[in-house]
Each structure stands twice: as C-alpha cells, then as structure tokens.
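The structure appears below as structure tokens.
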Amino acid sequence: MISRVFTIAWNTGREAVRSKLLYTLFFFALVLICASMILANISYVERNRILQDIGLASIRFFSVAIAIFVGVGLIHKEVERRTVYTILSKPLSRGEFLLGKYVGLVGTLWLQAGIMIAVFAGVLLLREIPLEAGHAAAFSLLAVELAVVVAIATLFSAFTTPMLASLFAGGVWIAGNLTRNLRDMGADSGIEVVQQATALLHRVLPDLASFNLSIEAAHGLPVAASDVWLPTLYGAAYAAIVLVGAVSVFERRDFK
C-alpha cells in the first residue's frame, strides 16, 4: 500500500511542479518578499519588524493560495482527462489514490515554502536580522497549516467542481482564522443560542489562528514548546479526520 501511495504522490508532485498557477503565485511571493526590503526602508521606525511582517505574511498567504488553487484540481484534472479510469483499473484503491494525491501535493508545497523561507532568511541576513527560535516555530507551524489546508481542499475536490471547491476551501480558511474571535464575541453576547452556535463553529472549523506565530517571530517574543507541539498534534488530527471524510466521499463518487 505504501509503495502505491508514494508512486501516486511522486507523479502528483511532478504534475504540480508543471502547474503555471503554482509558478505564478510562487513568483509573486518571491517578488513581494524581496520588495519588503524597499517597503521597510520607507518607514522611519521599526523597519526590521515591518520587513519581517511583510515577509512572513507573504510566505503564509501565497503558500495557502497555492495549496487551495492547486489542491482543488487534484481530482478534477484526472476525471477531465479520463486518466482516473486507467489508474483505478489497476490494483489501486480509491483511498490509496486520494492519499497519494494528498501526500504529493503536501510535499510539493513544503518544498516551495522551503524555497521562499530560504529567500526570506537571505533577506534577513542582508539586513543583519538574526533568525531566532520564533522564526523556526512559525515556519514549522506553517507546514502543519498547509497540510490541513490541502486536506480541506482535497475533501472539496472529491465531490465538486474546482471553482466551488476553491470557494469552499477559501471560505473555510478565512473562517478558520476568525473562529476564536467569533467564539469570544458569542461568549460576550450573553445570548445562549449565539454562544452555542459560535462555540460549535469553533469546534468544527479548523482553528488556523493557532498555527500563526508571525507576531511572535517578528517581535522576538518567547515561544513555549507547547505553542508548537499542541497545534502540531491538533493539525495532524484535524487533517486525518478530514482525509477520512474525503476518502469516504471519493469512494462513493460515480464518475459516469
């Protein structure tokens, strides 16, 4: 099973690398990271913090954008080209096929995120800004967030069109960054129905804010070990649950 999954993953990675959309977003991310040096120089105060804020935000935003817009086409391309019939006619289950697609895209995203991080680190070194533990923690949790976002994109791509899947996945990502605020607003509302609804949304939707340590990294704030390993465990569990749902949906899908 593992060999079949990694074979699909390898082919998926090769296909993703050829994606024009990936290169377009990747190019803009690198340009924005480098341009952050110019934007930081415009400011008279806290130039280093502004540089890091822009760089970290660029890496996160474009990595998530690539995860969503490339991830939603994972299944659709195979169905549209009818290669899915040939692949699934071999001794390969639908679950293995979907997991292979997922692993391949996550690996590709980690690679491109690593390149952007290397460019960002080079920019910091040029400005003589030291890389600290907060940066490593922020980059580690970005990898976990990408794994969760790809799982969500895979779930939607398993049963709907790329356009709807991108809208759904993008909506979940936006809402996932606001679930804590919604929960707190509901708790302060004093209305029981609102409190229960916002608490439920916070439990069901991914708490993506827990993966964002950009402020700690940019400001040099201390990061506890629990701030890294707890979100990592949460992200792994959430991605696994979503993938189980994606496989369940995909196994019941009729391609005719």
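For (1) surrounded by 14 or more Cβ atoms within 10 Å (Cβ to Cβ); (2) among the aromatic types (Phe, Trp, Tyr); (3) modelled with pLDDT of 75 or more; (4) closer than 17 Å to residue 153 by Cβ, each residue gets a yes or a no:
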{"residue": "23", "(1), (2), (3), (4)": "no, yes, no, no"}
{"residue": "41", "(1), (2), (3), (4)": "no, no, no, no"}
{"residue": "65", "(1), (2), (3), (4)": "yes, no, yes, yes"}
{"residue": "88", "(1), (2), (3), (4)": "yes, no, no, no"}
{"residue": "99", "(1), (2), (3), (4)": "yes, no, yes, yes"}
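Evaluated against (1) hydroxyl-bearing (Ser, Thr, Tyr); (2) within 24 Å of residue 252 (Cα to Cα); (3) touching a His at 6+ places or on another chain (Cβ under 9 Å), residue 179 falls short on exactly one condition, (2). For segment 211-256, the candidate set comprises residues that are of a type in the set (Val, Ile, Thr) and modelled with pLDDT under 90; within that set, the residue that is least open to solvent (accessible area, probe 1.4 Å) is 247.
Total residues in segment 122-177 satisfying the condition of being over 19 Å from the mean Cα position of the chain (by Cα) and either open to solvent by 20 Å² or more (accessible area, probe 1.4 Å) or over 22 Å from residue 212 (Cβ atoms) (or both): the figure is 12.
Figure legend. Inter-residue proximity from segment 112-134: first residues in contact (Cβ under 8 Å) with a residue 60 or more places away in the chain, second residues outside any helix (DSSP H, G or I) and of a type in the set (Val, Ile, Thr), beta-carbon distance below 8 Å, spacing 6+ or different chains. Indicated pairs: 133/223; 134/223.
The values are calculated or read from the model by the stated rules, or taken from the named source; none is laboratory data. Remember, it's a predicted structure, so these values are computed and weren't measured experimentally. Reconstructed Cβ throughout: ideal geometry from the backbone, glycine too, with neighbour counts over all protein chains shown. Note: areas computed on protein heavy atoms with side chains; ligands, DNA, RNA excluded. Shrake-Rupley method; radii C 1.70, N 1.55, O 1.52, S 1.80 Å.
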